[in-house]
Amino acid sequence: MSTSNYKADAELAKNLLDNVSQTMCLAKWNQVSLHLPTGLTNSCYHPPLHEIDATKLEDNPASLHNTSEKLNQRQQMLKGERPEGCSYCWKMEDTGEMSDRHYRSGEPWAMQDFTAIKQNPMDERWTPRYVEVNFNNACNFKCSYCSPQFSTTWGKEVDRYGQYPTTPPHNAPEHFHGRKRPIPHREDNPYVTAFWKWWPTLYKNLKHFRMTGGEPMMDNNTYKVFEYVIDHPKQVLHLNVTSNMCPPNTKLKNKYFDMVKKICIEEKVEHFMQFVSVDAWGKQAEYIRNGLEFNRMWDNVDEFLDRIPVRNSVTFIITYNNLSVTSLDKLLEGILELRKRHSKTYQRVWFDIPLLRQPAWQQITLLPESYQAIHEANIEYMRENSGEEKGLHIFKDFEIQKMLRNLAYWRKNANASTQNKKNFYAFFNEHDRRRLTNFETVFPEMSEFWQECKNI
């Protein structure tokens, strides 16, 4: 990832896009997220998921990406209209900031096809350059903001206890029928079948391929992709996997590490990025991501970086929610220490901090304004530890910019909804009952907010 020109590339993209339309986003063409257990898709993680028409897949497996809804959204963008599902970017732009629409479009994998997209924007067999896919929902975690769509462990909890007492009901069993019901990985899945039919064509065009979950270490399809890459090296490919880095057993971890090491050592791809999901520090991270053993995860990251010393990096994915704020400083310090230890000739430790969108009661925008000062202090800490003259062991400009954009969004969209506060307490009170946790013990600094939500 380029850092020095990150904002400049986004500004260039904005100018080019504006010449076509002031709402055009190249990610709508060149990027796709595929949720194959449910047959759902979106272009990036901001818009809501929508259904893939399985009847079209036999003739055109590219319909996994080029759905009727996306074709309609592309048409809207070309007309200068704002697709409703892309509201996150519109809200960000309404603050005066550039949005992910500009930053994504400015990436080389997106911009390289600008002319071709402009000339043939409604191609129903368009092959994307950036693909994210989860093959099944097998997962050993049940993160507070997740659901049975993405976690078998969540599914077991809902089956046992039913929905959470929130409005709307969180993870109500009746929500998980039809396409929201994951197809069990042992059953035939037409979407997975179509993916592997599409794969040789897709692979030729790929610049970035990312596997998510569920937990990819627990998925045989992950190792099938690894084997394909080993047999078909691709020097321009960035291969990425998002993991909780706490697999159920050491045997599985070693299998995964050994295959990644082979890919990196034998230079099968340009670069391997290990994304690691973690949203806070220590016990607070464990509370949010139920199933996490924080110290084991951190040790596994350390081992990964030691064991596979070339052609790879680690990016911590912080899904920034209202329980992340108070310990983010410790997480940033930990990331900086890892940089000092492992970044010798190039930057090997990164982080990204996308905002949580759902459920509403876990958004940062629900917190009192005073919590923004904590975020501002973290930005200042990052600035104090920035500057290219300090070498590799610094925070990058694009990381600071993302923090600033999140702050701007927070200020613009602050929403101390009474109902969301009620839901916050109802959810985490029930969370404590089911999972034998205690909110006030883990988050003592949030006690006043907790009591406020409790007493509404």
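I'd like the FRET efficiency for ASN205 and SER21, computed as 1/(1 + (r/R0)^6) with the beta carbon distance as r and R0 of 22 Å, rounded to 0.05. Efficiency, rounded to the nearest 0.05: 0.35.
For CYS86, CYS146, which order do you get if you count the other beta carbons within 10 Å of each Cβ and list the fewest first? So the residues, fewest neighbours to most, are CYS146, CYS86.
Each of ILE335, SER324, ASN295 was scored by the projection of its Cα onto the charge dipole of the range 290-343, and the greatest displacement toward the positive side belongs to ILE335; charges sit on the C-beta of Lys, Arg, Asp and Glu. Distance between the pseudo-spin-label points of ASP231 and ARG125 (7 Å out from Cα toward the beta carbon): 2.5 nm. Computed about the Cα centre, the dipole magnitude for the range 204-269 is approximately 80 debye when only Lys and Arg (+1) and Asp and Glu (-1) carry charge, each at its Cβ.
Just to confirm a number: summing +1 for Lys and Arg and -1 for Asp and Glu over residues other than TYR409 whose beta-carbon lies under 9 angstrom from that of TYR409, what do you get? Once positives and negatives cancel, what remains is +3. Its relative contact order, with pairs defined as Cα atoms under 8 Å and 6+ residues apart, puts the range 302-377 at 40 percent. The value of relative contact order for the range 305-456, using C-alpha pairs under 8 Å at least six residues apart, is 23 percent. With a simple spin-label model that places each label point 7 Å from the Cα along the Cα-to-Cβ direction, the separation between ALA8 and ALA377 comes to 3.6 nm. The Cα atoms of the range 371-422 define a convex hull whose projected area, averaged across directions, is 4.3 nm².
Let me have the relative contact order for the range 6-133, percent, based on Cα pairs under 8 Å that are six or more residues apart.
Values: 180 pairs, mean separation 50.3, N = 128.
Dividing the mean separation by the residue count of the range 6-133 yields 39 percent.
Remark: spin-label model distance SER87-LYS390 equals 3.8 nm, labels positioned 7 Å along the Cα→Cβ axis. Report the one residue of VAL133, GLY85, MET24 whose Cα lies farthest in the direction of the positive end of the charge dipole of the range 6-133 (charges on C-beta: Lys and Arg +1, Asp and Glu -1; origin at the Cα centre). Checking the options against the dipole of the range 6-133, the answer is MET24.
Taking max minus min of the alpha-carbon positions on each principal axis, the chain gives extents of 57, 56, 51 Å, largest first.
Pairwise Cα distances in the range 6-133 exceed 19 Å for 44 percent of all pairs. Counting only cysteine Cβ atoms and a cutoff under 4.7 Å, the chain contains unmatched residues CYS25, CYS44, CYS86, CYS89, CYS139, CYS246, CYS264, CYS453.
Only beta bridges with both residues in the chain are counted; by DSSP, about 20 percent of them are antiparallel. With contributions of -39500 (n - 2.57) from each DSSP H run of at least four residues, the per-residue ellipticity at 222 nm computed over the chain stands at -13500 deg cm²/dmol.
Each principal axis of the range 266-328 carries a Cα extent, and these read 41, 20, 17 Å when sorted largest first.
Prolate is the label for the range 106-252, because a/c, from the alpha-carbon gyration tensor with a ≥ b ≥ c as root eigenvalues, is 1.5 or above and a/b exceeds b/c. Cross-link partners for LYS262 among the aspartates and glutamates, with Cα-Cα distance under 16 Å and sequence neighbours closer than 8 places in the same chain left out: GLU227, ASP231, GLU270, GLU303, ASP306. Cross-link pairs exceeding 20 Å between alpha carbons, from the set LYS28/LYS118; LYS7/LYS396; LYS283/LYS390; LYS207/LYS251: LYS283/LYS390; LYS207/LYS251. Gain on full extension, evaluated as 0.36 nm per residue between GLN112 and VAL310 minus their Cα-Cα distance, stands at 68.6 nm.
Please compute the length gained on full extension between ARG433 and ASN60, using 0.36 nm multiplied by the number of residues separating them and subtracting their Cα-Cα distance. Write out the running numbers ahead of the final one.
Working: separation 373, 0.36 × 373 = 134.28 nm, distance 4.81 nm.
Stretched out fully, the ARG433 to ASN60 stretch lengthens by 129.5 nm.
A simple charge model with +1 on the Cβ of Lys and Arg, -1 on the Cβ of Asp and Glu and nothing else charged puts the dipole of the range 1-120 at about 160 debye relative to its Cα centre. Would you work out which of ASN220, PHE395, PRO168 lies farthest towards the positive end of the dipole of the chain, given +1 charges on the beta-carbon of Lys and Arg and -1 on that of Asp and Glu, about the Cα centre? Result: ASN220. Distance from the Cα centroid of the range 1-73 to that of the range 395-456 is 30 Å (rounded to whole angstrom).
Placing +1 on the Cβ of every Lys and Arg and -1 on the Cβ of every Asp and Glu, with no other charges, gives the chain a dipole of roughly 600 debye about its Cα centre. Classify the range 101-168: rounded, prolate or oblate, from the alpha-carbon gyration tensor (a ≥ b ≥ c, eigenvalue square roots; a/c under 1.5 rounded; otherwise prolate if a/b is larger than b/c)? Judged from the Cα gyration tensor, the range 101-168 comes out prolate (a/c at least 1.5, a/b above b/c). What shape does the range 323-456 have by the C-alpha gyration tensor, where a ≥ b ≥ c are the square roots of the eigenvalues, rounded means a/c under 1.5, and otherwise prolate means a/b greater than b/c and oblate the rest? In terms of gyration-tensor shape, prolate. Beta bridges assigned by DSSP with both partners in the range 6-133 are antiparallel in approximately 55 percent of cases.
Since every read-out is calculated from the coordinates, none of them should be taken as a lab result. As the structure is a computational prediction, the values presented were derived from the model and not from experiment. Don't worry about glycine lacking a Cβ; one is built from the backbone with ideal geometry, like all the others, and counts go over all protein chains shown.
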